[in-house]
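S.K.: Submitted below is the structure of interest, expressed as structure tokens.
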Amino acid sequence: MAEKKQITMDDIRAQVHTYLNEPSNLELIEHAAAFAEKRHEHQKRKSGEPYFVHLMNVAYILAELHTGPETVAAGFLHDTIEDTGITKEELAKEFNPDIAEIVESVTKIGALKLNNMDEKEYQASNHRKIFIAMAKDIRVILVKLADRLHNMRTLQFKSEASQKRIARETLDVYAPIAHRLGISTIKNELEDLCFFYLDREEYYHVAKLVEMKKAERDESVQQMIRDISALLQEHNIEFNIFGRSKHLYSIYHKMTERNKRFDEILDLLAIRIVTKTELNCYEILGYIHANYRPIPGRLKDYIAMPKVNMYQSLHTTIIGPDGKIYEIQIRTEEMDDIAEKGIAAHWKYKEGTNYNSRREQKEMEEKLFWFRDFVAYTGESQDASASEYMETLQRDIFEANVYVMTPRGKVIDLPNGATPIDFAYRIHTDVGNQAVGAIVNETMVPLNTELHTGDVVQIKTMKGTGPSEDWLKFVKTNQAKSRIRAYLTKKETEEKQKLVPEGERMLRDELRKRGFDPEAWMDKKKLEPLLTVLSKKTTVDLFYAIAVRSLTASQVAEKLTNQKRPVSDEELEKFINRDKRRTPSKSGVYVPGIESMKISLAQCCMPVYGDKIVGFITKGEGVKVHRADCPSLKRGPKKFIDVKWEDVNDERMFDCNLIILAKSRNFLLTDVVTAISQMKAPMVQVNANMNQETLITTIKMKVQVHNAQQVDAIAANLKKVDSILEVKRDSN
């Protein structure tokens, strides 16, 4: 790696003077430098240099970016809280609250806390602290990037294990944020330095390939520059033109990620043209295409459609007279400055303009769409673990490279494989929760369709709907996953709260039947020991389980009191006599007073325990048991017979046919199945048909239930599903 020039205070002063001249600004920087040098005077770096050398380099990098005097001062002071024992309050008094806030924000959370968490979580906690501060003040991350860049430049003094750990962290966290902020000078250098320390052998391999072709490549580029210069001079256009080299990590990344050979990477022969106006950019493009053959599909207009980091340029790829391929970039001087320095160029400090950091932050959110998403997510994720927060940030924001648009032209960046649901949640949580359909490029598509760069996406919503649990199987962004889970958890909690009083009432009734005082046994201290035995977390879960019959009140009362239900002598005698008279039937129904008779449940109406029932005698089939409201009972005269349900056997299951009518939509059947699964009802058979004229779907289901109350609970749960019009029992 090439050695960097040693930075001195004179170098910093010279750089600062290129854009700062007001005495108060210069005095602030000088004061910060003197203060930091005094505070760190006895400290050395691993290299043996005075620690102040590092601080000068950080300040110089910030001055190169033309950041404000407070930011340059914070560069000098960024380690004072962490390494010299000075407090944030003392720093605010010595300088000002803004500088103190920036310095405190880049300070590690404290090594003592490492004892309570693993290394990964500790590092993630530090990163989250910095990024939360960045959401409030962008200057925090500029100082941190400058700090990290100089640390990477001097990484040779660390152990090999530390080199790899710091390089990996830099490549995963800091290079991506530099890219998102458009600061390509820092991003490119960070990536090449990381490449060197993470895979030195491959680094030298790529460097050798580049060097072998350098002379030939340089001659080709210089000849093309002469030809294009002559062409543009003929048309009296002001321009600067020069060749540019691709940094090594970018070449390596294309070779590995896109499986390309070295000689297949088109932009190795690259030329940049910088001109005065946007109109000049398009004029130059026209002249080049008129004289050289462009490669189809390689023209990219980032002027009309800027990248999410504000990058603007025209890119085209042409075939030169020598048959070689050249990538040409055409941009204005301002675009070139932003391409190199990103937000630092766009918001570079200008004296006499009444600088306001809060106004700058607001402008940032308006100009950088991803930054608004970043700020929103950072505000929402306070309850997430540090690792989860960083994972979401890396996947959803730092690694996003699919760019789709809203119908109004707003660009939304998403990770590879993202779907309309990911897009919907990036727009707004309510849009995601209420999504019922998606239109991509004016065509209705399934919600799990993979989106591609350039797609125009529109989301159809319906109030009162909610996400399906099945969405979790195909969404790609952690943001969408967390919001879907949050909705489902909230919905489940609300459903539980509605049924908890019913479960509590059922347990009270059961205790009374057993001769116990409910007030004495429904005490929290007596119920809590049952939770572990019954695999429940809270009493709310316990009462909910009783209400939906996944636990019976009888089971819970028995466990709670540690007693079987007291039985009177009269009940015991009746039970003994009944047991002598008959054995339990398979149907769960008996005819009072008759010891043995063939009894079966009618398939036309499928009664279940708890339904009002009647029976009638048939030839050769004994007694057929129907629901009292079965339509077939009205067909002709019947000889009815009194039938009763046997005492409930909680293990017994009854088949039940349901008919569900609903408006057709994507994932309707999935949501219906989910709703029934929540009620602990096994599904035996499912059949769905859609009427093409009315777009009404009829779903016929056979489920297994314990009793009529469970059927009512299933129907109530289904009616909450979006698009469901009617739920009824099937009676043929």
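S.K.: Can you pull out the residues in the range 407-428 that are surrounded by 18 or more Cβ atoms within 10 Å (Cβ to Cβ) and not aliphatic (A, V, I, L, M)?
M.R.: Asp413, Pro415, Thr419, Pro420, Asp422, Phe423, Tyr425, Arg426 - these are the residues of the range 407-428 that are surrounded by 18 or more Cβ atoms within 10 Å (Cβ to Cβ) and not aliphatic (A, V, I, L, M).
S.K.: Right, another one. Would you check which residues across the range 33-69 are modelled with pLDDT of 95 or more and polar (S, T, N, Q) and list them?
M.R.: Correct list: Asn57 only.
S.K.: Using the structure shown, decide if Asn188 is in a helix (DSSP H, G or I) and touching a helix residue (DSSP H, G or I) at 6+ places or on another chain (Cβ under 9 Å).
M.R.: On the way: in a helix (DSSP H, G or I): yes; touching a helix residue (DSSP H, G or I) at 6+ places or on another chain (Cβ under 9 Å): yes.
In short, yes.
S.K.: Moving on to the next point. Among the helices (runs of 4 or more DSSP H) lying completely within the range 396-514, list those that include at least 1 residues that are touching a strand residue (DSSP E or B) at 6+ places or on another chain (Cβ under 8 Å) and without any contact (Cβ under 8 Å) to a residue 40 or more places away in the chain. Write out each step before concluding.
M.R.: Working: elements: 420-427, 429-433, 478-513.
Passing ranges, in order: 420-427, 429-433.
S.K.: Could you tell me whether Pro501 is surrounded by 15 or more Cβ atoms within 10 Å (Cβ to Cβ), more than 20 Å from the chain's Cα centre (by Cα) and modelled with pLDDT under 90?
M.R.: no
S.K.: Kindly list, by first and then second residue, each pair from a residue in the range 156-174 that is over 13 Å from His127 (Cβ atoms) and of a type in the set (S, T, N, Q) to a residue that is part of a helix (DSSP H, G or I) and at pLDDT 90 or above, limited to pairs with Cβ atoms under 7 Å and residues at least 6 apart or on different chains.
M.R.: From the range 156-174, the pairs are Gln163/Leu155; Gln163/Tyr197.
S.K.: With the condition kept exactly as written, say whether any residue in the range 664-677 is within 22 Å of Gly466 (Cβ to Cβ) and free of Cβ contacts under 8 Å to residues at least 12 places away in the same chain.
M.R.: Scanning the range 664-677 turns up at least one residue that is within 22 Å of Gly466 (Cβ to Cβ) and free of Cβ contacts under 8 Å to residues at least 12 places away in the same chain.
S.K.: For the range 194-209, which residues satisfy the criterion of being surrounded by fewer than 17 Cβ atoms within 10 Å (Cβ to Cβ) and over 18 Å from Ala175 (Cα atoms)?
M.R.: Going through the range 194-209, the residues surrounded by fewer than 17 Cβ atoms within 10 Å (Cβ to Cβ) turn out to be 198-202, 204-205, 207-208.
Listed by number, the residues that qualify are Arg200, Glu201, Glu202, Tyr204, His205, Ala207, Lys208.
S.K.: In the range 611-628, what count of residues is obtained for those that are part of a loop (DSSP other than H, G, I, E, B) and either within 14 Å of Val591 (Cα to Cα) or at pLDDT 85 or above (or both)?
M.R.: Here the count works out to 3.
S.K.: Kindly provide the set of residues from the range 703-713 that are in a strand (DSSP E or B) and either within 37 Å of the chain's Cα centre (by Cα) or within 10 Å of Gly610 (Cα to Cα) (or both), ordered by number. Before you say what the answer is, go through the steps one by one.
M.R.: Going residue by residue through the range 703-713, those that are in a strand (DSSP E or B) are 703-705.
Within the range 703-713, Val703 is the sole residue that qualifies.
S.K.: If we scan the range 369-384, do we find a residue that is at pLDDT 65 or above, surrounded by fewer than 20 Cβ atoms within 10 Å (Cβ to Cβ) and out of contact with any Phe, Trp or Tyr (no Cβ under 9 Å at 6 or more places or on another chain)? I'd like the intermediate steps shown before the answer.
M.R.: Step one: list which residues in the range 369-384 are at pLDDT 65 or above, which gives none.
There is no residue in the range 369-384 that is at pLDDT 65 or above, surrounded by fewer than 20 Cβ atoms within 10 Å (Cβ to Cβ) and out of contact with any Phe, Trp or Tyr (no Cβ under 9 Å at 6 or more places or on another chain).
S.K.: Moving on. Filter the range 476-494 down to the residues that are buried (at least 20 other Cβ atoms within 10 Å of the Cβ) and aliphatic (A, V, I, L, M), then identify the one that is farthest from Ala424 (Cα to Cα).
M.R.: Looking at the filtered set, the residue picked out is Ile484.
S.K.: Testing Gln685 on (1) touching a helix residue (DSSP H, G or I) at 6+ places or on another chain (Cβ under 9 Å); (2) exposed (fewer than 14 other Cβ atoms within 10 Å of the Cβ), one condition comes back false. Which one is that?
M.R.: (1)
S.K.: Here are the criteria: (1) more than 28 Å from Thr489 (Cβ to Cβ); (2) part of a helix (DSSP H, G or I); (3) without any contact (Cβ under 8 Å) to a residue 24 or more places away in the chain. Tell me which single one Ser632 does not satisfy.
M.R.: (3)
S.K.: Given the options Ile319, Ile295, Ile273, name the one that is in the same structural domain as Ser229 (by TED's automatic domain parsing), crowded, with 17+ Cβ neighbours inside 10 Å and among the aliphatic types (A, V, I, L, M). Reasoning before the result, please.
M.R.: Working: Ile319 fails: crowded, with 17+ Cβ neighbours inside 10 Å; Ile295 fails: crowded, with 17+ Cβ neighbours inside 10 Å.
Answer to the check: Ile273.
S.K.: From the set of residues in the range 21-56 that are in a loop (DSSP other than H, G, I, E, B) and basic (Lys, Arg), which is farthest from Leu91 (Cα to Cα)?
M.R.: Among residues in the range 21-56 that are in a loop (DSSP other than H, G, I, E, B) and basic (Lys, Arg), the one farthest from Leu91 (Cα to Cα) is Lys46.
S.K.: Oh, and also: Within the range 677-689, is even one residue part of a helix (DSSP H, G or I) and closer than 30 Å to Ala547 by Cβ?
M.R.: yes
S.K.: If Ala73 meets every condition in (1) of a type in the set (Gly, Ala, Ser); (2) surrounded by 17 or more Cβ atoms within 10 Å (Cβ to Cβ); (3) more than 37 Å from the chain's Cα centre (by Cα) apart from one, which number is that one?
M.R.: Just one mismatch for Ala73, condition (3).
The values are calculated or read from the model by the stated rules, or taken from the named source; none is laboratory data. Note that this is a predicted model, so its numbers are computed, not measured. Quick reminder, even Gly has a Cβ in these numbers, built from the backbone with ideal geometry, and neighbours come from all protein chains shown.
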